[in-house]
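Reading through the structure tokens given below for one structure.
The values are calculated or read from the model by the stated rules, or taken from the named source; none is laboratory data. Only a predicted model underlies this, so the values are computations on that prediction, with no experimental measurement involved. Positions of Cβ are generated from backbone atoms using ideal geometry, with glycine treated the same way; all protein chains shown enter the neighbour counts.
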Amino acid sequence: TTMHIKARCPVYPGSDTQRFPVPDDKVCWARNWPEYSPVNYTAPSLLQQPDWADPEISSFSPQFNSLDGSVDRTSHDGEYCVQYGKPLNPRGRTGLTGRGLLGRWGPNHAADPIVTRWKRESDGQCVPHAISKRPVLQFVSIKRKDCGEWAIPGGMVDPGELVSLTLQREFSEEAMNSLQASPEERDKIYERIKQLFSSTGFQVYKGYVDDPRNTDNSWMETVAVNFHDETGDSVSALPLQAGDDAGQVCWIDVDSSQALYASHSQFLQIVAKVRHAHW
Ligand code: RP5
Ligand code: MG
Ligand code: MG
């Protein structure tokens with residue numbers, strides 16, 4: 001497990017709130033640090049209790065480390081600690097307590113669909129990378145509206161929702177703008193994505209995400225799955241259109257120099273390795 005870095009970004013996303021600075025050697029909870037004085041922050045929008053979010057911890061009794069009604073409060077990384085009634089980030093200190101922008105105390109479950117194809121010339125030939133000489137993969141990437149960073153078109157798993165459905169729904173919403181389509185068009189998009197995603201994808205990663213929204217008490221976890229179009233005649237033909245929390249969408253070359261949101265670059269590195277592609 002790598003140490004979280006983005007979860008310690010100096011300014012909390014969407015706010016002016018500064019995290020209490022946590023140096024590398026003080027991330028681990030086991031390291032005694034009496035001076036640690038994290039800032040408490042929960043976004044004002046969450047305090048208005050939207051139905052997709054938990055209430056404040058004082059006013060309910062969540063069942064941590066288990067399935068709590070339809071809300072999955074288990075972690076992909078095993079049992080997490082609960083201290084004074086609040087779950088503790090399994091990767092250590094972040095400099096901020098409360099939930100920040102995240103709806104759930106403890107793990108917030110997401111799913112990331114990594115749709116790939118080979119980069120080709122107009123004549124259909126694959127282009128090997130100039131330096132590595134390996135074929136280059138491309139993946140469907142979205143530009144997040146919240147921070148302007150390029151990312152996998154992932155999103156939150158709704159309570160009780162199967163991850164396989166979240167992958168299809170989020171891809172449809174963010175990369176194909178299904179939410180703005182007419183009911184008939186929407187059904188067509190869902191049907192097409194269902195077909196394309198029906199070949200059991202390759203599970204790339206399952207666990208903690210180093211997301212800038214993480215706090216000492218709330219964090220992102222994901223299941224990232226790769227759907228690869230080997231021949232270039234299925235996903236390559238999709239009419240991409242950005243929607244929901246995506247401002248732009250396009251095919252981006254899979255390359256180690258491409259900066260991506262949260263831990264997404266780490267997931268693509270695994271895909272490149274498994275497919276023997278350029279990285
Ligand atoms: C990341 O946040 C996950 O990997 C996923 O891509 C994303 C889910 O959050 P939203 O896109 O719904 O904000 O940690
Ligand atoms: Mg979404
Ligand atoms: Mg999203």
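Summary of values
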item: Residue satisfying condition, being among the hydroxyl-bearing types (Ser, Thr, Tyr), surrounded by 15 or more Cβ atoms within 10 Å (Cβ to Cβ) and either more than 30 Å from ALA237 (Cα to Cα) or free of Cβ contacts under 8 Å to residues at least 12 places away in the same chain (or both), within set THR116, THR97; result: THR97
item: Lone qualifier among ALA277, ALA272, ALA246 - being out of contact with any Phe, Trp or Tyr (no Cβ under 9 Å at 6 or more places or on another chain) and among the small types (Gly, Ala, Ser); result: ALA246
item: Qualifying residue in region 236-253 (condition: modelled with pLDDT under 95, hydroxyl-bearing (Ser, Thr, Tyr) and surrounded by fewer than 21 Cβ atoms within 10 Å (Cβ to Cβ)); result: yes
item: Hits in region 153-173 - residues which are away from ligand 2 (no atom under 11 Å from the Cβ) and touching a Phe, Trp or Tyr at 6+ places or on another chain (Cβ under 9 Å); result: PRO159, SER164, LEU167, GLN168
item: Subset of region 141-178 (residues that are under 16 Å from GLY201 (Cα atoms) and away from ligand 3 (no atom under 13 Å from the Cβ)); result: LEU162, VAL163, SER164, LEU165, GLN168
item: Residues located in region 133-191, provided they are among the charged types (D, E, K, R), surrounded by fewer than 16 Cβ atoms within 10 Å (Cβ to Cβ), farther than 30 Å from SER66 by Cβ and away from ligand 1 (no atom under 12 Å from the Cβ); result: LYS133, ARG134, GLU184, GLU185, ASP187, LYS188, GLU191
item: Residue within region 263-270 that is within 15 Å of ligand 3 (Cβ to nearest atom), surrounded by 21 or more Cβ atoms within 10 Å (Cβ to Cβ) and under 27 Å from ALA130 (Cβ atoms) present; result: yes
item: Neighbours by Cβ (under 7 Å, 6+ apart or cross-chain): first from region 48-63, aliphatic (A, V, I, L, M); second surrounded by 10 or more Cβ atoms within 10 Å (Cβ to Cβ) and at pLDDT 90 or above; result: ALA53/LEU46; ALA53/GLY103; ILE57/GLY85; ILE57/LYS86; ILE57/TRP105
item: Test result for GLU221, within 16 Å of ligand 1 (Cβ to nearest atom), of a type in the set (D, E, K, R) and not in a helix (DSSP H, G or I); result: yes
item: Residue in region 130-148 that is modelled with pLDDT of 95 or more, within 15 Å of the chain's Cα centre (by Cα) and acidic (Asp, Glu) present; result: no
item: Residues that are touching a residue at least 40 places away in the same chain (Cβ under 8 Å), polar (S, T, N, Q) and either surrounded by fewer than 22 Cβ atoms within 10 Å (Cβ to Cβ) or over 21 Å from GLN195 (Cβ atoms) (or both), drawn from region 216-234; result: ASN217, SER218, THR222
item: Any hit, region 125-136, residues being more than 13 Å from ligand 3 (Cβ to nearest atom), among the small types (Gly, Ala, Ser) and either in contact (Cβ under 8 Å) with a residue 24 or more places away in the chain or touching a strand residue (DSSP E or B) at 6+ places or on another chain (Cβ under 7 Å) (or both); result: yes
item: Members of region 168-217 that are outside any helix (DSSP H, G or I), closer than 30 Å to THR97 by Cα and not aliphatic (A, V, I, L, M); result: TYR205, LYS206, GLY207, TYR208, ASP210, ASP211, PRO212, ARG213, ASN214, THR215, ASP216, ASN217
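For (1) in a loop (DSSP other than H, G, I, E, B); (2) at pLDDT below 95; (3) out of contact with any Gly (no Cβ under 6 Å at 6 or more places or on another chain); (4) among the polar types (S, T, N, Q), each residue gets a yes or a no:
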residue: PRO13; (1), (2), (3), (4): yes, no, yes, no
residue: GLU35; (1), (2), (3), (4): yes, no, yes, no
residue: ASN65; (1), (2), (3), (4): yes, no, yes, yes
residue: PRO90; (1), (2), (3), (4): yes, no, yes, no
residue: GLY103; (1), (2), (3), (4): yes, no, yes, no
residue: THR116; (1), (2), (3), (4): no, no, yes, yes
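Conditions tested, residue by residue: (1) of a type in the set (A, V, I, L, M); (2) farther than 21 Å from ASP210 by Cβ; (3) surrounded by 10 or more Cβ atoms within 10 Å (Cβ to Cβ).
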{"residue": "SER15", "(1), (2), (3)": "no, no, yes"}
{"residue": "ARG19", "(1), (2), (3)": "no, no, yes"}
{"residue": "TRP33", "(1), (2), (3)": "no, no, yes"}
{"residue": "VAL39", "(1), (2), (3)": "yes, no, yes"}
{"residue": "THR42", "(1), (2), (3)": "no, no, yes"}
{"residue": "ASP51", "(1), (2), (3)": "no, yes, no"}
{"residue": "GLN63", "(1), (2), (3)": "no, yes, yes"}
{"residue": "LEU67", "(1), (2), (3)": "yes, yes, yes"}
{"residue": "ASP72", "(1), (2), (3)": "no, no, yes"}
